[in-house]
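J.: Dropping a structure here in structure tokens format, bear with me for questions.
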Amino acid sequence: MSDTLPLTGHARADRTPHSLAEWRAIGGYRAVERALQMTPLELVNLVDAANLNGRGGAGFQAAKKWRFMPPVGTSPGIGSNYLIVNGDEMEPGAFKDRFLLEAMPHQVVEGAIIAAFATHSAQAIILIRDDYRAGITAIRRAIAEAEAANLLGTNILGSGFNLHMRVHPSAGRYIVGEETALISALEGGRAIPRKRPPFPAQSGLWGRPTTVNNVETISLVPHIVANGAQWFRALSRTEEGGTKLYGVSGMVKTPQLIEAPMGSTARELIDRCGGVSGTGVLRCFQPGGGATPFLEPADLDTPMDFGHMAKAHSMLGTGALIVLDTGTCPVAVTARHIAFYARESCGWCTPCREGLPWAARILTALEDGTAKPRDIEILRMTAAEAGPRGRTFCDLMGGAMGPLASLLARFGDLVEAHLDGGCPIRRGQL
């Protein structure tokens, strides 16, 4: 991959993290020096001009989220603002944040320092799922090195800005990807979403103004500060700025993580992975992980950004491209996804708590050949009634219904063929 691309150009193939001296030798922390000479508002405006969409799945603009954060002393109560970097990566098919935490820890820390300054935050917490032990070790080492060099702590580089940063290993639950559930978990409570408003920027961790950003989002910030908004936008093929880490897995010959311009196509990414494996013929793909609706070969040349994926009736999500060949049954894949989301539901909402296990049992029965025609109608009803946003406290149920609804819409005949003795692909009839 070309070194002109910002995220992974300096990453080592074996993911060995850089020391502080090594990182600074290739330009690390120069963006912090520049950022601390700016005002927080100037930083927010710069990131706004770069059109950086959040890389955690929803695609919400980073600058818009930062603008909600009040300056120190202007919000009621006592205490600092908080920045939380979300590394609790649990979307099926996603593995981009793991790479950044393990191979580029100083880039994550550097981005968090800048984002904390822009959001008036004196406390930064990098939450990492406990399974990512190598990432936790690398980030802790990077924080300690940055503290020793006065890049963290009191009066950073003589700027008057104070920032304390720490790592919080998470037990790892999918629902922790929802920012208010993450905040509840950090406070020691049950990881369940909170009613909004108030939004986290109004009342977040311990009641203080809080911003939550994804690891990849934070990792892009130093490059915007160092190179400018127009440079960042020019890396993209669409209006959505920058590059994207696309994790390609499933039925491809060489699954891998690829940094490419935002708006690259699934066809290009699959080709870079050596093409479709198995039968060698593509049946469908999920562009952004397990909670994104299926697309078909006709969609291979659609730009993979948030806007174009929405127009194609799917989602970019985390950019975790999951590929299915004609020998892989989308019913079986959906069954595994729904079983995962049923297990990971916090149980707060009835549609999620009861509907997801019900859907998982029906999909398993279809695969086993024990389902009835009425079961397919129940699946359609569940997707239609529980899928739209606003029916549950958070979007876990709506996300889980995405692949199910697209399965029924795009592969209805294949689903019905399961009523005659189970999976026809597995039985060699398709």
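The values are calculated or read from the model by the stated rules, or taken from the named source; none is laboratory data. On a predicted model such as this, the values are computed, not experimentally measured, just so you know. Positions of Cβ are generated from backbone atoms using ideal geometry, with glycine treated the same way; all protein chains shown enter the neighbour counts.
J.: Output the residues belonging to region 20-36 that are surrounded by 14 or more Cβ atoms within 10 Å (Cβ to Cβ) and part of a loop (DSSP other than H, G, I, E, B).
T.: Within region 20-36, Gly28, Tyr29, Leu36 meet the criteria.
J.: Examine region 341-354 for a residue that is under 29 Å from Lys253 (Cα atoms) and aliphatic (A, V, I, L, M), and state whether such a residue exists.
T.: Within region 341-354, not a single residue is under 29 Å from Lys253 (Cα atoms) and aliphatic (A, V, I, L, M).
J.: Let me ask something additional. So which residues in region 415-430 are modelled with pLDDT under 90 and charged (D, E, K, R)?
T.: Residues satisfying the conditions are Arg426, Arg427.
J.: Identify, from the list Gly56, Gly79, the residue that is in contact (Cβ under 8 Å) with a residue 60 or more places away in the chain and under 26 Å from Arg98 (Cα atoms).
T.: Gly56
J.: Now for a different question. Does region 153-161 contain any residue that is buried (at least 23 other Cβ atoms within 10 Å of the Cβ), touching a helix residue (DSSP H, G or I) at 6+ places or on another chain (Cβ under 8 Å) and not in a helix (DSSP H, G or I)?
T.: For region 153-161, residues buried (at least 23 other Cβ atoms within 10 Å of the Cβ), touching a helix residue (DSSP H, G or I) at 6+ places or on another chain (Cβ under 8 Å) and not in a helix (DSSP H, G or I): absent.
J.: Can you tell me which residues in region 115-137 are crowded, with 24+ Cβ neighbours inside 10 Å and among the aliphatic types (A, V, I, L, M)?
T.: Residues satisfying the conditions are Ala115, Ala116, Ala118, Ala124, Ile126, Ile128.
J.: How many of the residues in region 58-82 are buried (at least 24 other Cβ atoms within 10 Å of the Cβ) and under 17 Å from the mean Cα position of the chain (by Cα)?
T.: Matching residues across region 58-82 total 1.
J.: Any idea which of Thr279, Thr254 is at pLDDT 95 or above, assigned to a loop (DSSP other than H, G, I, E, B) and touching an Asp or Glu at 6+ places or on another chain (Cβ under 6 Å)?
T.: So the residue among Thr279, Thr254 that is at pLDDT 95 or above, assigned to a loop (DSSP other than H, G, I, E, B) and touching an Asp or Glu at 6+ places or on another chain (Cβ under 6 Å) is Thr279.
J.: Could you please find all residues in region 118-133 being out of contact with any Lys or Arg (no Cβ under 7 Å at 6 or more places or on another chain), in contact (Cβ under 8 Å) with a residue 40 or more places away in the chain and of a type outside the set (A, V, I, L, M, F, W, C)?
T.: Result: Thr119, His120, Ser121, Gln123, Arg129, Asp130, Asp131.
J.: State whether the residues of region 355-370 include one that is in contact (Cβ under 8 Å) with a residue 60 or more places away in the chain, of a type outside the set (Val, Ile, Thr) and surrounded by fewer than 22 Cβ atoms within 10 Å (Cβ to Cβ).
T.: Looking for residues that are in contact (Cβ under 8 Å) with a residue 60 or more places away in the chain, of a type outside the set (Val, Ile, Thr) and surrounded by fewer than 22 Cβ atoms within 10 Å (Cβ to Cβ), one finds none in region 355-370, hence no.
J.: Got a sec? Which of Gly241, Gly288, Gly247 is buried (at least 18 other Cβ atoms within 10 Å of the Cβ), modelled with pLDDT under 95 and not in a helix (DSSP H, G or I)?
T.: Exactly one residue qualifies, and that residue is Gly241.
J.: Name the residue, out of Ile183, Ile128, Ile192, that is outside the structural domain of Gly399 (by TED's automatic domain parsing), hydrophobic (A, V, I, L, M, F, W, C) and either over 23 Å from the mean Cα position of the chain (by Cα) or closer than 28 Å to Arg15 by Cα (or both).
T.: Step by step, each of Ile183, Ile128, Ile192 is checked, and only Ile128 is outside the structural domain of Gly399 (by TED's automatic domain parsing), hydrophobic (A, V, I, L, M, F, W, C) and either over 23 Å from the mean Cα position of the chain (by Cα) or closer than 28 Å to Arg15 by Cα (or both).
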